[in-house]
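Reviewing the structure listed below.
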Amino acid sequence: MNYRTDVCIIGAGPGGALLAYLLAKQNISTILIERSDTLGKEFRGEHLNEDGEMILKKHHIFEEIESLGLLRMSRVEYWKDGHIFKTIESELGHAGIHVPQQHLLQSINNQASIHPSYKLMLGTKVTELTQNEKGQYTGIKAQQKGLGEIIVESKIIIGADGRYSTVRKLAHIKTNIHNHGYDLLWAKIPAPANWEPSIKFALVKQQQVALFSQAKGFVQIGWNIEKGSYPALRKQSFRPFIQRLIDAFPSLNLSIERFITSWSDFTLLSVQSSISEVWSKHHLLLLGDAAHTMTPTGAFGLNESLKDADLLSDLLHQVFYQNKGISETLRQFEQKRKPKLITLERIQFQREKEFSSHFISS
């Protein structure tokens, strides 16, 4: 089957989905392609800061997400020897918001689906980028479950398909990967009774452990370990390792004992940041993690992808309603956003370097 559209977006994560909605609302025909069969698979970077909150409120999406369920965290706490060492209260009234990705994407898709210029294709895997005689990208070929090969002709292609972006690889765009010296073990457990929603940090064997309260009564655990150390770590006894977490946060004792009983109850995340060498190329643009992968530090990733979509939707309005050149506009987006992401990456390195200083008495 063949399709024709103004903009083809590959990747229905927060950035790609929001961009598709904002373009469709402007009557810019948009096809959003997602490899998974459903929207909203579980995602660990679901922390909304004031920038992301502002964008979702600006576009009248936040209210629906709130009705589906979100969680405001009251403050940031630093724990030492099983007790609160330092507390930081936010002037915003909360220290961040946990938004389940399923709720976020469902809300965006609900509003986008109202517009006839929006089309979502699930279960669709991009296999090839097409180009014209000038080298400009003109569309994609993909395999769609139940249909076989489909072809989408598009004036602009957006790669919003994550840190391992297929679009980036097919366009032969290099990315500079930066090692931060650690990997991350993730786990999710039920919160104890009377658990106050908050962000909690501890220093365990000179490595950061973070707890994030989640909607629906869960606590997400992020435990930094030395880069590449997990295979050797798994060969060691599990009990002494998990006891360190219990000692750091005693109130989690019962939940940890019940739900984290072996190494298999953790998920390993290979931590890295990256900035692609170019973001725009011949009517193709990278967005979100495809252009700039962030580490979990500061929980910037989700929010920066929303900021990408917000800015790009305004710039593309100029292409389709003010006859501004496509290549010029996509370069303008890169010039506006790239320096800010380079700065954020430096901030992440600095915060990681200085983390232990929070546990020193003044």
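The values are calculated or read from the model by the stated rules, or taken from the named source; none is laboratory data. On a predicted model such as this, the values are computed, not experimentally measured, just so you know. Counting neighbours? That spans all protein chains shown, and the Cβs are built from the backbone with ideal geometry, glycine included. When the accessible area is computed, the model is the full protein with side chains, heavy atoms only, and any ligands, DNA or RNA have been set aside. Shrake-Rupley method; radii C 1.70, N 1.55, O 1.52, S 1.80 Å.
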Query raised in the report: Regarding S107, is this residue at pLDDT 95 or above and crowded, with 18+ Cβ neighbours inside 10 Å?
Result: yes
Report summary line: Among (1) out of contact with any helix residue (DSSP H, G or I) (no Cβ under 8 Å at 6 or more places or on another chain); (2) surrounded by 15 or more Cβ atoms within 10 Å (Cβ to Cβ); (3) in contact (Cβ under 8 Å) with a residue 24 or more places away in the chain, E50 falls short only on (2)
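Which residues, counting only those in the stretch 107-159, are small (G, A, S) and at negative phi?
Taking the stretch 107-159 and keeping what is small (G, A, S), we get 107, 112-113, 117, 123, 135, 139, 142, 146, 148, 154, 159.
Across the stretch 107-159, the qualifying residues are S107, A112, S113, S117, A142, S154, G159.
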**Report entry** Every residue from the stretch 273-293 that is open to solvent by 20 Å² or more (accessible area, probe 1.4 Å) and under 18 Å from the mean Cα position of the chain (by Cα)
**Finding:** D289
Query raised in the report: Quick check: is even one residue across the stretch 210-228 surrounded by fewer than 19 Cβ atoms within 10 Å (Cβ to Cβ), part of a strand (DSSP E or B), in contact (Cβ under 8 Å) with a residue 40 or more places away in the chain and among the acidic types (D, E)?
Result: yes
Query - Unmet criterion (only one of (1) in contact (Cβ under 8 Å) with a residue 24 or more places away in the chain; (2) open to solvent by 30 Å² or more (accessible area, probe 1.4 Å)) for Q318 - result: (1)
Report task. Can you tell me which residue among A191, A232 is surrounded by 16 or more Cβ atoms within 10 Å (Cβ to Cβ), among the aliphatic types (A, V, I, L, M) and farther than 30 Å from A160 by Cα? Result -> A191
Query raised in the report: Quick one: what pairs do we get from the stretch 73-99, first residue farther than 12 Å from K200 by Cα and modelled with pLDDT under 95, second in a strand (DSSP E or B) and of a type in the set (G, A, S), C-beta under 7 Å, 6+ apart or different chains?
Result: H98/S213
Query raised in the report: Is the stretch 59-68 home to any residue that is touching a residue at least 24 places away in the same chain (Cβ under 8 Å), crowded, with 21+ Cβ neighbours inside 10 Å and under 28 Å from N323 (Cβ atoms)?
Result: no
Report task. Filter the stretch 235-270 down to the residues that are open to solvent by 40 Å² or more (accessible area, probe 1.4 Å) and touching an Asp or Glu at 6+ places or on another chain (Cβ under 9 Å), then identify the one that is farthest from H83 (Cα to Cα). Result -> S270
Query raised in the report: Of all residues in the stretch 333-362, how many are without any contact (Cβ under 8 Å) to a residue 60 or more places away in the chain and open to solvent by less than 50 Å² (accessible area, probe 1.4 Å)?
Result: 4
